[in-house]
Amino acid sequence: MSFDNWDEIRTAYQVARVGTVSGAAEVLGVHHATVIRHVDALEARLGTKLFQRHPRGYTPTEAGHQLLAVGQATEDQFSQLAARIAGAGEEVSGELIVTSLPTISTLILPALEQMLVDHPKLQLRYLTDQRVFRLEYGEAHVAIRAGNRPTEPDNVVQQLCANRTGLYAGKSYVERYGMPTEETLDQHRFIGPEQRDSRAPFWRWMSNAVPDECVVFRANDHESQLAAVRQGLGLGFVPYNEGRSDSRMVEVLPPRPEWESSLWLVTHVDLHRTAKVQAVLKVLKDLIGSPRPN
């Protein structure tokens, strides 16, 4: 016997359970001729009669009763399996992978902390990278992306919030060079990205508003740029929620609409409705998506 015979076994089990060909056909949603063909084929494979045929229906033989017992046990096991799978799907536990750009980690981490508090059985993986993680290949459950609205097929996209950025200086910089103003920016030193063609709106603004010779320090990652601002190497752009909470920095220019980029919640359509994904989406929306005070 092989997996090719499961249809025949299932058909014979229903005949044994119901007692008639027509009743089994109705349960299975097939023609009564299909039921007869399956039963005949299974009896031929087993080399024994499973039923006694009579005008009022089919009565299981001893072998038929054995088939009935096995079929009932199998059906019960599948029902239990389905219940376990459904229960696991409703429980917020196991591994959950969230990805975002490194620059918004401080914005995201409070929401992830809340997830771990609310769901003790959860195991979080938080991946930060410049590359786009492929949700369709299972690289992440939830992606938080910046910029234009993502357009990949089979993804569910929801707007989270605006990513606000301000211009900051380290306190040691202000002590050494004085407090910059918008009118004196061309007299100050700046921290910039290694990629001069960066698409981030605040970097594009800087390339137009600040002479290139004023950019005295460039770094290829957010943490190095942030450390350089704190160290007093120059003025730099810092996520607003991070800059306002760091006592080592002072605000030079507050966030501007032209420096903002949209943040998007992206999930794959096959996992969007699962309990884990819905739980983290709710926390992210509640803690980040709501308006924040200036």
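Taking Leu265 as the residue in question, decide whether it is more than 20 Å from Ser100 (Cα to Cα), touching a strand residue (DSSP E or B) at 6+ places or on another chain (Cβ under 8 Å), in contact (Cβ under 8 Å) with a residue 24 or more places away in the chain and buried (at least 17 other Cβ atoms within 10 Å of the Cβ). So Leu265 fails the test.
Among the residues of segment 47-59, those that are at pLDDT 90 or above and surrounded by fewer than 16 Cβ atoms within 10 Å (Cβ to Cβ) comprise Gly47, Thr48, Lys49, Gln52, Arg53, Thr59. Take Gln159 and tell me if it is in contact (Cβ under 8 Å) with a residue 40 or more places away in the chain and either surrounded by 14 or more Cβ atoms within 10 Å (Cβ to Cβ) or not small (Gly, Ala, Ser) (or both). Yes: the conditions hold for Gln159.
From the list Gly147, Gly64, Gly47, Gly138, the one residue that fits, being more than 25 Å from Val238 (Cα to Cα) and touching a residue at least 24 places away in the same chain (Cβ under 8 Å), is Gly64. Of all the residues in segment 216-242, those that are in contact with a strand residue (DSSP E or B) (Cβ under 8 Å, 6 or more places away or on another chain) and closer than 17 Å to Thr165 by Cβ number 13.
Being within 30 Å of Gly289 (Cα to Cα), surrounded by fewer than 18 Cβ atoms within 10 Å (Cβ to Cβ) and either at pLDDT 90 or above or hydroxyl-bearing (Ser, Thr, Tyr) (or both) holds for only one residue in Ser100, Ser93, Ser79, and it is Ser93. Exactly one residue out of Pro120, Pro110 is open to solvent by 60 Å² or more (accessible area, probe 1.4 Å), at pLDDT 85 or above, touching a helix residue (DSSP H, G or I) at 6+ places or on another chain (Cβ under 8 Å) and of a type outside the set (D, E, K, R), and it is Pro110.
The values are calculated or read from the model by the stated rules, or taken from the named source; none is laboratory data. Fair warning: this is a prediction, and the values are worked out from it, not measured in the lab. Neighbour counts are summed over all protein chains in view; Cβ atoms, including those assigned to glycine, are modelled from backbone coordinates with ideal geometry. Just so you know, the surface numbers come from the protein's heavy atoms only, side chains and all, with ligands and any DNA or RNA stripped out. Shrake-Rupley method; radii C 1.70, N 1.55, O 1.52, S 1.80 Å.
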